[in-house]
1. Could you please state how large a percent of the accessible area of region 126-201 is carbon and sulfur, counting protein chains only and using a 1.4 Å probe?
2. List the pairs from LYS48/LYS97; LYS92/LYS135; LYS97/LYS206; LYS135/LYS171; LYS83/LYS191 whose alpha-carbon separation is above 28 Å, in the order I gave them.
3. Residue by residue, what Karplus-based ³J(HN,Hα) values in Hz, rounded to whole numbers, does region 112-121 have, using 6.51, -1.76 and 1.60 with θ = phi - 60° and x for Gly and Pro?
4. Can you list residues from other chains, or at least 5 along the same chain, whose modelled amide H is less than 5 Å from the amide H of THR144?
5. Hey, what do the phi angles of region 168-179 turn into as Karplus ³J(HN,Hα) couplings, whole Hz, using 6.51/-1.76/1.60 and θ = phi - 60°, x for Gly and Pro?
6. Students sometimes get this wrong: rank LYS92, LYS206, LYS145 by accessible area, probe 1.4 Å, all chains present, largest first.
7. Name the residues whose placed amide hydrogens come within less than 5 Å of the amide hydrogen of ASN78, ignoring near sequence neighbours (fewer than 5 apart) on the same chain.
8. What figure in square angstrom, to the nearest 10, would you give for the accessible area of GLU98 with a 1.4 Å probe?
Amino acid sequence: MKTLSLTIMAMAMATGSGIADTINFDDMKSGAAPAGWTATQTGSGTAKWAIEKDESAPSKPNVLKQSGQATFPVCFKNNTNMKDGFVEVKFKPVAGKEDQAGGVIWRLQDANNYYISRANALEDNVTIYHTINGKRVAFKNINTKVTSGVWHTLRVDFEGNKFTVTFDGTKVIEATDASFANAGKVGVWTKADSVTLFDDFTYAGK
């Protein structure tokens with residue numbers, strides 16, 4: 001009965017019926033990409049996604065780290081399929097000369113087509129984009145302090161063509177866009193040479 005209940009709960013979370021699921025990466029193998037996720041990139045280069053131990057992790061001991069270099073490194077959870085809901089992650093930008101960014105993606109159709117919102121410590125801003133056939137286009141942003149070497153929380157609530165971005169508990173962006181109306185996967189994102197840590201990835205559908 002317990003196994004059946006867990007199976008039903010897992011199915012509900014995967015199909016987005018309103019039950020939030022949080023992945024803290026602590027039960028995953030260190031040194032490898034997270035099991036059940038697709039670790040890849042949009043564009044050229046080679047992303048490097050791996051589970052690592054980190055003493056600063058909000059939920060110890062593990063984090064998901066991106067330390068490669070690619071146009072847009074992306075890592076998404078395979079068994080998700082959500083049209084409306086939310087996605088949230090804690091992230092820490094660690095290093096990068098071109099970028100120090102962390103983001104969440106949603107309604108992902110594949111590695112070249114998805115919505116993304118990210119915060120950048122080199123630019124001190126939060127932006128929301130759509131990426132279509134590998135081309136990223138911003139449709140709203142706001143200047144706000146994003147500190148390197150510090151854990152932040154980024155969340156996006158999405159319903160229909162309406163999106164609300166919350167950064168460190170403060171609502172910073174409300175925007176609309178109709179590029180992707182269908183359900184898709186959720187995940188995390190960085191850019192270029194950004195070395196970024198992620199923890200406590202949470203999502204739920206409506």
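1. 46
2. Correct reply: LYS97/LYS206.
3. Each residue of region 112-121 in turn: 10, 9, 5, 8, 8, 10, 9, 10, 10, 6 Hz.
4. For THR144, the qualifying residues are ASN125, VAL126.
5. Once rounded to whole Hz, the list reads 6, x, 10, 5, 10, 9, 10, 8, 10, 6, 10, 5.
6. Order by accessible area, largest first: LYS206, LYS145, LYS92.
7. TRP37, THR38
8. For GLU98, the solvent-accessible surface is approximately 120 Å².
The values are calculated or read from the model by the stated rules, or taken from the named source; none is laboratory data. Nothing here was measured: the structure is a model prediction, and the numbers come from that model. In case anyone asks, the SASA skips ligands and DNA or RNA and just uses the protein heavy atoms, side chains included. Shrake-Rupley method; radii C 1.70, N 1.55, O 1.52, S 1.80 Å.
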